[in-house]
Each structure stands twice: as C-alpha cells, then as structure tokens.
1. In region A:106-138, what residues are more than 8 Å from every other protein chain (Cβ to nearest Cβ), of a type in the set (D, E, K, R) and over 29 Å from A:H71 (Cβ atoms)?
2. Pick from B:L204, B:L234: which is surrounded by 15 or more Cβ atoms within 10 Å (Cβ to Cβ), in contact with a Leu (Cβ under 7 Å, 6 or more places away or on another chain) and not assigned by TED's automatic domain parsing to the domain that holds B:R110?
3. Select from region A:85-104 the residues that are within 14 Å of chain B (Cβ to nearest Cβ), touching a Gly at 6+ places or on another chain (Cβ under 8 Å) and not in a strand (DSSP E or B) and list them in ascending order.
4. Please verify whether A:D59 is free of Cβ contacts under 8 Å to residues at least 60 places away in the same chain, within 10 Å of another protein chain (Cβ to nearest Cβ) and not aromatic (F, W, Y), treating the condition exactly as stated.
5. Is it the case that A:R68 is of a type in the set (K, R) and at the interface with chain B (Cβ under 8 Å from one of its Cβ atoms)?
6. Quick test of your reading of the structure: B:R71 fulfils all but one of (1) more than 27 Å from A:A130 (Cβ to Cβ); (2) in contact with an Asp or Glu (Cβ under 8 Å, 6 or more places away or on another chain). Name the failing condition by number.
7. Given (1) aliphatic (A, V, I, L, M); (2) at pLDDT 80 or above; (3) farther than 30 Å from B:P59 by Cβ; (4) exposed (fewer than 15 other Cβ atoms within 10 Å of the Cβ), identify the lone condition not met by B:L115.
8. Filter region A:95-109 down to the residues that are surrounded by 19 or more Cβ atoms within 10 Å (Cβ to Cβ) and closer than 20 Å to A:V27 by Cα and list them by number.
Amino acid sequence: MHNLWDRILRSNKEEESLSAFLQRIPVFSHLNNRDLQYIKTLIHTRTYDPGEIIFEQGDPGSGMYVIRSGHVTLFTRDARNKREDLSILGPGDFFGETTIATPAARVTSASCNENCELLGLFRSDLFAVAERRPEIANRILLGLTSVISERLQNAILELRRHPVSEEAD
Amino acid sequence: MNMTRSQFLFFYLVMTAALASGLAIFSSASTIALALRSAAAGIFVPLILALATAFVLDPVVSRMEKYHIARSRSTLAIFFFSVVLLWLSGSWLVTYTQQMWISLVQDFPRYSSGLIKYIKEAQMSWQDQFPFLIQYDLTERVRSWAESFFSFLIVATPKSALKLGSLLILVPLFAFFFIRDGANIRRNLIALAPNRYFEMAHDLSYLISRQTSRFVRGRIIEASIIGACITAGLSLTDIRYAPLLGLFAGITNLIPYIGPLVGMIPGFTIALIDLGFGAQFWWIVILYVLIAQVILDNFILIPILISRYANLHPLLVIVAIIMGGKIYGVLGMIIGVPILSACKIAFIQIRHYRRAFSLPDTGTELPR
C-alpha cells in the first residue's frame, strides 16, 4: 500500500520539480504555473555521456540548453585546433540562448564533463508557441530579452574596466 | 586440388544448404514484402486523405487554441460541427448525387458515341492530309477505352459506395489523431535522432512539415475554388451535371499542366453533344480556359496560395503522373505530383539550411 502511494506521489513530485526547476531559470521566470505546464510539453530532455559533444563551434544553432544535472564545458578552438576552455557550467545554468530567436552559427563548442541531462528549447518550438499561444511566447521572449540585456550590460562594464589597448592590435 | 569423396560430399551439402537457405530467405522476404504491401493497400488511401484533411484543418484548430481551448477539445468541436453539417445535408445530398450518378451512367453511352463520332471525323480529315497516319486508329482506341470505362463504372459503383462508407469512418478517425497528436508524433520520431544530429533534425523537420502543409493546403483550397467557380459558371448554362463537372475539374486541377486540360474534356464533350456549337458552348470554353485557368488560377490563386519553389518542371510532372499511375492507378496519378513536390520542398529546405549556416566563418578567429 505504501509502495503504491509512493509510486503515485513520486511521478507527481518529479513533474512538479521540473516545473519548479524551470521557474528558477531566468528565461522562464515570467511564466506562471499554467504556462510552465504547457512549456513542459515543448521541452526536449536529452541525456549525454561524459565527454560527449553537444555542439561544435560553427554548427547551425537553433536553440538553448538548460543543464538539469551534470557539468558542461564551453570551449573554443583556435586555427591550430587547440582547445581553450572558456567556462564550466553546472545545474541551473543555460547556454546557446543567442540562437533561439534568429539563426546563427554556434560561436563556441560545448561538451559534457560527466553524465548530463539537458533540457532543450528550440527556435521551431518557440515559433509553434507564438502561433498557438502568443502570450506564452511573449513571456519567454521577455525573459530572454532581460537575460541578453543583462549580459550585454555586463560585457560593456567589463570592456570599460579592461579597455583594449591599442598596442594589442 | 584433390578432394576426397567425403570432402566433396560435405562441400556439396554445404553449397546445397546455402542455396536452399538463400532461396528460403528470398522467398520469405518477398512474402513479407507482399504481405506488407497488401496490408498497406487498404490503409494508404485513407491515410493520404486524412493527412490532407489534417493539413487543411490544422490552422483552424491552432486559431481556436489561441482562445485557450485545448487542442483535443477544439479538434473534437470541429469534427462534431462537420458531422452535424453532413447529417443535416446528408439526406438531400445523397439523393441528389445518386439521381445525378444514375442519369450520368444512362447518358454515358450517348456521350461516348458522340465523342467517337467527332474523333472519327477529325481522324478522316487528318488521314487525308497525312496518309502515313492511316495505320493509326484513334477512333478504335477511344471506343475500347470508353467501353472499358463504362463497364468499370457499372461494376465499380456499388464497390465505390462500400469504399466510400469505410473512408467516411477511417478518414475522420485518422485525421482526428493527426491533428491532435501530429506534433507529438513528429517530436517522438525526432527524439530518436542521435544527440549530435538532434538539433538539425528537429529544425529541418519543422521547416519541411510547415512548408509541405502550406503547399498541400494551398493546392486543396485552389482546387476547391476552381471547382466551385466551374460549377457556378456551368450552372448559368443549360448544361447537365454541372456539380459533377466542377468536382472533376477541381480534382484534376491538383495535377499541374496536364490536369486542367483533362478536366476540360468531359465539359466540352457534354456541351458539344447536348448544346451544340452555340453561344453557350463558347461561354463554357471561356469559363474553363480564360476565367478558371488564366484569370482565377494563374493570376490570382497560384501567386497567393502556392509557394514558387514548390513548382515542378513539366517533365517531372509527367514522370510523377506516369509513375504514380503505375503504382496506384488514377489515385496515384493525382497524388504523385503533390508527393514529388513535397520531396522537392524537403530538398530545397535542406539546401537553404546548409547555405544559411555555411556563410559566416566562425571556425578560426574569435574576439577574446
């Protein structure tokens, strides 16, 4: 009897935790609970092995990934194919959001450091939402715009703090 | 190489076993293929029709979804509305169609003999001008074709009624699930792609399905408008079977280049035999050629409804019609061209996709 209730409650808990998890992501922070239930049907859950490449620099980019478990390294390769790590992201972090609204090539590569579970939201899904539920698409785009604006502001401040010297050119 | 008798016997047995198992595998494979083909034969037509219905109704369901009506509920509402409409118009529609069909079957020999008479006159005149064509007997060909078509009509009518009954059940059923779960079916299929190609497969499947559904929807709306225009135009004259002729012109309009020409033949034949060379005949010619094809189809409908790059080269259209006809008869002739167009759309989308992402070179130098 106890097992039966456990099984019923566990599935609910898992679903609830996915909604709660999504709500913590800044891109989805403007969505209410009903919107999140709808978004859950659009999110793609993908699992990756350690060392597996998620995308390579120059690949066609069509959406963003949110890390649900595991760690992901973003890196670039120079002309001699030498790898340079840029950052390591963990659960709750997201990447690739700049390609969600407009098609662009990936500017970095991403690989998994361990077994990872990623949630993907892609441009085509966003277009489909915009056709069927425009108000949800609006809220996602609002979240996305605030994230990108914040990053742009930070980048400008960072540039001001460390101006590129003319000698470097 | 010297072989002992036992070695030779062993070799012989192995070769025989290999041959036998090869034949068994081949025959079982062909049996399975045959079984699959016969199993799929009954399901192919309803599937195609249901897909077309789903493509047409999908925008209506999406629009209802905008007003917070769940997808299942809005799909059910549309089907319920269609069933009520069919139910209300059913008694009138069935009697009207049945009467028209019976009278057409009775009239068919008169029309075919009239057509044969005209062809015979034409044949005599061209054989006078080009004596080397004397061997070619077009009249006989048309006569045998008309006879076989007439016998097919008589035999096939009860069968078609049965088929129509099964289609009336299967098509809405399939269409309902295609509309409700189409996106999920596509999503689950795409989920099977390996991680590395998942993004590309997802993006391409969306682009291809969107373009294909737009194309199919455009073609069906175009054919319906042409059919309605021909029916309305013919109703102004004294010609019989205007709705059937409109329906035929609409269906054949699905095939580019050749379809509209084929769609005109029954209209011209019936007009010529029943009405003669009068003002009404010339009005029907103007209606079919100028109003329906040139003004309405080429100047208004095609630029609005049909994407330019789904256009097929006339040669490809002919190949698609012949191949479709060989595989699935008359239905194959009609759906061969849209299927080939869908393939062309997929091909073009893949090329666009590759080109869009091959332009910026982000591979080497990045600002640091």
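The values are calculated or read from the model by the stated rules, or taken from the named source; none is laboratory data. Computed from a predicted model, the values in this text were never measured in an experiment. Ideal geometry is used to build each Cβ from the backbone, glycine not excepted, and the neighbour counts take in all protein chains shown.
1. A:E135
2. Values: B:L204 fails: in contact with a Leu (Cβ under 7 Å, 6 or more places away or on another chain).
Answer to the check: B:L234.
3. Scanning region A:85-104 gives A:G96, A:T98, A:T99, A:I100, A:P103.
4. yes
5. Values: of a type in the set (K, R): yes; at the interface with chain B (Cβ under 8 Å from one of its Cβ atoms): no.
When the stated conditions are applied, A:R68 does not pass them.
6. Only one criterion in (1) more than 27 Å from A:A130 (Cβ to Cβ); (2) in contact with an Asp or Glu (Cβ under 8 Å, 6 or more places away or on another chain) is unmet by B:R71, namely (1).
7. So the condition that B:L115 fails would be (4).
8. A:F95, A:G96, A:E97, A:T99, A:I100, A:R106
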